[in-house]
Amino acid sequence: MASKKVQNPKAGERSKKKTEKSSVPTFGFGRIIRYLIVRILRLLQREGWMEMPEASQEWGGNALKAVCSVYVPVKNALRSAEWWRRNFGLEFAVPYNPSEAQAILRLSDGQWLHLVETEGEVDSQFPDKTGYPMFRFTFEVRGIEHLYGRLRSNGVRTDELQDRSSCGINFVFYDPDGNKFDVNEVVDVHRTPEEAARVKAHLFHYA
């Protein structure tokens, strides 16, 4: 008569626990960290403490935020940079490196002005349909009358001041290489009505 094999109850429990343990997914340390970071970022976004990068948002609307860099052709980058520093107070955005053949200056709001050396013709303007040589961009300034006076005193070539009504007060200037630039201040927005009226009366001899 064959003997009946008695199963050890503890062995069955160990086998069951082993099966249950093997069914639990395992996470590497790096994966856990990434998961926690994503959860924290989503929580911050939901509470309004931060915005998710625009690249993760759906495409739509105006995709261009601002002009971050402007490139100006020059014959000598360092000499041109010193001219901009002397007349406008600009500083180097990065240390000057002669091997790069350009100087990079920073405007007060953070945009970069690249002065790029070229062997070609320096011509930063173009004729409009009437034949007027147009500048390619306009600098926004404060205290335009003071800047205009300083440039004139320093011998910088400038055109006359213009009152462009609601567009503000403008004038054109040229760098040593002949590049043409425009300057603007909307005094009706950035000054009190009384001060704007006084500035216009002083500059344009309004009664």
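Computed from the coordinates by the stated procedures, all read-outs in this text should not be read as laboratory data. Keep in mind the model is a prediction, meaning the values are calculated, not measured. So basically every Cβ, Gly included, is an ideal-geometry build from the backbone, and we count neighbours across all protein chains shown.
Looking only at the range 165-175, decide whether some residue is out of contact with any Asp or Glu (no Cβ under 6 Å at 6 or more places or on another chain), of a type in the set (Asp, Glu) and touching a residue at least 60 places away in the same chain (Cβ under 8 Å).
Yes - at least one qualifying residue is present in the range 165-175.
Of all residues in the range 128-161, how many are over 23 Å from the mean Cα position of the chain (by Cα), within 16 Å of Lys180 (Cβ to Cβ) and charged (D, E, K, R)?
Qualifying residue count, the range 128-161: 4.
Find the residue count for the range 102-142, including only residues that are exposed (fewer than 12 other Cβ atoms within 10 Å of the Cβ) and more than 13 Å from Ser69 (Cα to Cα).
The total comes to 11.
Just for the range 167-190: of the residues that are part of a helix (DSSP H, G or I) and out of contact with any helix residue (DSSP H, G or I) (no Cβ under 7 Å at 6 or more places or on another chain), which one is surrounded by the fewest Cβ atoms within 10 Å (Cβ to Cβ)?
Val189
Anything in the range 97-122 that is under 28 Å from Arg142 (Cβ atoms) and among the aliphatic types (A, V, I, L, M)? List them, or say none.
Hits for the range 97-122 are Ala103, Ile104, Leu105, Leu107, Leu113, Leu115, Val116.
Name every residue in the range 154-166 that is outside any loop (DSSP other than H, G, I, E, B) and loosely packed, with under 12 Cβ neighbours inside 10 Å, in order of residue number.
Ser165, Ser166, listed by residue number.
For the range 86-99, how many residues meet the condition of being surrounded by 13 or more Cβ atoms within 10 Å (Cβ to Cβ) and out of contact with any strand residue (DSSP E or B) (no Cβ under 7 Å at 6 or more places or on another chain)?
2
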